[in-house]
Each structure stands twice: as structure tokens, then as C-alpha cells.
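One structure is given here, and the rest of the page talks about it.
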Amino acid sequence: MPDQVSAKPRRSIGGWLLIALPYSWLLFFFLAPFFIVFKISLSEIAVAIPPYTPTFDPATGWRGLVKMLGDLSFENYVWLTRDSLYWKSYLSSVSIAAVSTLITLVVGFPIAYGMARAPTEWRTTLLMLVILPFWTSFLIRVYAWIGILKNEGLLNQFLMWLGLIDQPMTILNTNIAVYIGIVYSYLPFLVLPLYANLEKMDASLLEAAADLGCPPWRSFWTITVPLAIPGVIAGCFLVFIPAVGEFVIPDLLGGSETLMIGKTLWTEFFTNRDWPVSSAVAVILLLILVVPIVLFQNQQQKAAEKGL
């Protein structure tokens with residue numbers, strides 16, 4: 001019998017168009033702005049509009065491009081390592097985002113688990129309650145916490161009425177207020193993917209564990225938690241990534257000692273009008289967020305291939 005050679009299936013035009021759509025979106029709305037910001041980060045500050053001297057003028061053509069490659073200067077990136085303000089802002093932002101993500105996970109996991117184990121007729125209502133805060137402007141919701149957390153606010157008045165404190169606590173304009181604001185604002189981003197993951201879990205696994213004499217707490221840690229890991233990872237990414245670059249919450253709820261890269265970037269861009277340095281700050285921030293995600297996805301892909 002002649003050897004049969006398996007040929008790769010040819011992708012149809014519709015398949016190519018389907019793949020081209022997300023890649024086109026990525027090209028125009030991510031890569032193109034990124035290269036523009038990266039180009040500005042290699043420029044020099046100038047008293048002009050815009051306030052920088054471009055390293056490359058498209059009108060010069062290929063000669064200008066060759067000259068630009070020979071005159072590239074990474075002085076703005078070197079400056080970020082010299083001034084402690086920037087690397088402290090990065091470290092503080094990552095630290096605050098990590099703690100906020102952990103608190104959000106501790107609060108959000110019981111909520112998602114309770115929603116997944118609730119009667120079917122109640123799940124839609126509970127899901128609507130989680131999404132309900134999105135019906136109000138993000139800025140208004142953060143402003144509302146100012147009235148709650150200030151010294152004469154609702155929280156202090158309630159605690160004094162209960163007799164738990166004798167005088168108002170200073171919560172507003174501290175890192176604690178920033179944690180509260182981030183957890184409140186991004187809690188639905190963790191609950192929703194985690195709920196979607198827990199809802200698909202086969203309840204018969206828990207019943208089988210109970211029939212074999214496994215106590216509920218042990219079946220929770222050995223069955224429920226491992227199966228919920230994909231939802232936990234997705235939710236933590238959805239909280240951690242925007243929290244690192246958060247500006248509104250630390251600006252409104254944090255104090256002068258609250259150091260986050262979003263506030264530093266705003267100051268450099270709009271107050272100091274140093275677009276090259278602020279662009280370098282944005283590029284480094286993007287790399288801090290994107291590189292770990294890409295490495296994690298590659299590791300997950302390799303693990304999936306080995307599993308197959």
C-alpha cells in the first residue's frame with residue numbers, strides 16, 4: 001500500500017479573517033501607541049509644543065531612520081535608575097497592588113463560592129448584585145468613600161455610636177484608604193471569573209469525597225481549591241494589573257506619603273511637562289506588567305502540552 005502522507009488542512013479565507021481581526025485590534029490599539037510612547041521616551045525635553053525634540057522625523061525618510069538608530073539615547077531610562085523616586089514608586093505600586101489583590105481574593109472567594117453553591121433561581125440575582133456597582137460612575141463611587149472614611153464620616157460616626165472608639169480614626173489620606181478603595185472597586189473583577197469557574201465544578205466530586213469519609217474542610221482544600229485555581233489566577237490578574245497603574249484612587253483617598261507610579265506619571269506628564277521621562281516611566285510600567293504575563297502563559301502552554 002502506498003504511504004499516506006497527512007497534509008495540513010488549508011485555512012479558509014474566513015479563518016484568516018477571523019484571526020486577522022484580533023491581531024489588527026492589537027496592532028492599532030496597543031502596538032502602535034506603544035511605539036509612539038517608546039519613540040517619545042528616546043527624545044529630549046524642549047520648550048516647545050509638544051515639549052520634546054523628536055528623534056525621528058518621518059519627512060526625512062530612510063536617511064532619518066538610519067541617523068536615528070545611530071543617535072539613540074537611553075538617557076531617560078538611565079535617569080529613572082538614578083532618581084530614587086521612580087524605583088520607589090514602582091516598588092510601592094507593586095506592593096500596594098499585591099496586598100490589595102490578596103485582600104480582594106480573601107473577600108471575593110467566599111462571595112464567589114456562595115454564589116456558585118446558591119440555589120439556581122438565586123444565582124442571577126446575586127450576579128446582578130455583583131455587577132450593580134458598575135451602573136455608577138467609577139469616579140463617583142471613589143468620591144463616595146471620601147464621605148465614608150473622613151474623620152466626621154459615616155464609618156467613624158458608626159463606630160463611635162457602637163462605642164468601639166472614643167474619637168475618630170484617621171483613615172482617609174492613608175494607605176489603608178487606598179486598600180479599601182482598590183478592593184471595593186476591583187472586587188467584581190475577581191468574583192466574576194472565579195464564580196464562572198466554580199459554577200462549572202462537578203458537585204458529584206464533593207459527594208464522592210463525603211461518601212469516602214472525607215470531612216468538608218478537607219474536601220474543600222483538596223478538591224474545590226485546586227479546581228478553582230484557573231479562576232483565581234484570572235481574577236488576580238484582572239485586579240493586580242490595573243491596580244499597579246491606578247491613579248484616581250491614590251489621588252483621592254491616599255495622602256502625600258502614598259507613593260504610586262500612576263501619581264508619579266501624572267506629575268511628570270502634566271505638572272513637570274517632561275514627556276520623555278514620563279514616557280520612559282510608562283514603558284517600564286508596561287514591561288513590568290506584560291513580561292510576567294507572557295512568561296506565565298508560555299509556562300501554562302508548555303504544561304498543557306506535557307499533559308496531553
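Does the range 131-139 contain any residue that is of a type in the set (Ser, Thr, Tyr), at pLDDT below 90 and closer than 23 Å to residue 178 by Cβ? Looking through the range 131-139, at least one residue is of a type in the set (Ser, Thr, Tyr), at pLDDT below 90 and closer than 23 Å to residue 178 by Cβ. Just one of the listed residues (286, 259) is hydrophobic (A, V, I, L, M, F, W, C) and in a helix (DSSP H, G or I), namely 286. Looking at the range 263-275, can you tell me whether even one residue there is modelled with pLDDT under 85 and basic (Lys, Arg)? No, the range 263-275 has no match at all. Scanning the range 221-253 for residues that are of a type in the set (Asp, Glu) and either under 14 Å from the mean Cα position of the chain (by Cα) or not in a helix (DSSP H, G or I) (or both) gives a single hit, 246. In this entry, residue 292 is excluded by the filter for residues that are closer than 30 Å to residue 36 by Cβ, assigned to a helix (DSSP H, G or I), at pLDDT below 90 and in contact with a strand residue (DSSP E or B) (Cβ under 9 Å, 6 or more places away or on another chain).
Screening residue 123 with (1) touching a helix residue (DSSP H, G or I) at 6+ places or on another chain (Cβ under 7 Å); (2) free of Cβ contacts under 8 Å to residues at least 12 places away in the same chain; (3) within 30 Å of residue 197 (Cα to Cα) gives one miss only, at (2). Restricting attention to the range 230-284, the residues that are hydrophobic (A, V, I, L, M, F, W, C) and within 30 Å of residue 197 (Cα to Cα) add up to 12.
One residue stands out in the range 30-51 among those that are in contact with a strand residue (DSSP E or B) (Cβ under 8 Å, 6 or more places away or on another chain) and among the aliphatic types (A, V, I, L, M): the one that is farthest from residue 76 (Cα to Cα), namely 46.
Evaluate the following for residue 191: is it under 30 Å from residue 291 (Cβ atoms) and surrounded by 16 or more Cβ atoms within 10 Å (Cβ to Cβ)? Full working, then the answer.
Numbers: under 30 Å from residue 291 (Cβ atoms): yes; surrounded by 16 or more Cβ atoms within 10 Å (Cβ to Cβ): yes.
Judged against the criteria, residue 191 is a match.
Hey, any hits in the range 251-260 for a residue that's modelled with pLDDT under 85, of a type outside the set (S, T, N, Q) and surrounded by fewer than 16 Cβ atoms within 10 Å (Cβ to Cβ)? Yes, that holds for at least one residue. In this structure, residue 123 qualifies as modelled with pLDDT under 90, more than 18 Å from residue 246 (Cβ to Cβ) and either surrounded by 11 or more Cβ atoms within 10 Å (Cβ to Cβ) or among the β-branched types (Val, Ile, Thr) (or both). Of note, residue 164 satisfies the criterion of being more than 21 Å from residue 243 (Cα to Cα), aliphatic (A, V, I, L, M) and modelled with pLDDT under 90.
Given 291, 277, 283, 244, which one is exposed (fewer than 13 other Cβ atoms within 10 Å of the Cβ) and on the phi < 0 side of the Ramachandran plot? Give the steps one after another, and end with the answer.
Working: 277 fails: exposed (fewer than 13 other Cβ atoms within 10 Å of the Cβ); 283 fails: exposed (fewer than 13 other Cβ atoms within 10 Å of the Cβ); 244 fails: exposed (fewer than 13 other Cβ atoms within 10 Å of the Cβ).
Within the list 291, 277, 283, 244, the selection yields 291.
In the range 149-187, how many are in a helix (DSSP H, G or I) and surrounded by fewer than 17 Cβ atoms within 10 Å (Cβ to Cβ)? Show your work before the answer.
First pass over the range 149-187, keeping only residues in a helix (DSSP H, G or I): 149, 154-162, 175-187.
Adding the requirement that they be surrounded by fewer than 17 Cβ atoms within 10 Å (Cβ to Cβ) leaves 154, 157-162, 176.
Matching residues across the range 149-187 total 8.
In the range 172-198, the residues that are at positive phi never reach a residue that is part of a helix (DSSP H, G or I) and among the basic types (Lys, Arg) with C-beta atoms less than 6 angstrom apart, at least six apart or across chains.
One residue stands out among those in the range 267-286 that are in contact (Cβ under 8 Å) with a residue 40 or more places away in the chain and β-branched (Val, Ile, Thr): the one that is farthest from residue 34 (Cα to Cα), which is 277. Report, by residue number, each residue of the range 229-255 that is small (Gly, Ala, Ser) and in contact (Cβ under 8 Å) with a residue 60 or more places away in the chain. If the condition is that a residue be small (Gly, Ala, Ser) and in contact (Cβ under 8 Å) with a residue 60 or more places away in the chain, then 231, 235, 243, 245, 254, 255 are the ones that fit.
The values are calculated or read from the model by the stated rules, or taken from the named source; none is laboratory data. Because the structure is a prediction, the values reported are computed rather than measured. Glycine gets a Cβ as well: all are built from the backbone with ideal geometry, and neighbour counts include every protein chain shown.
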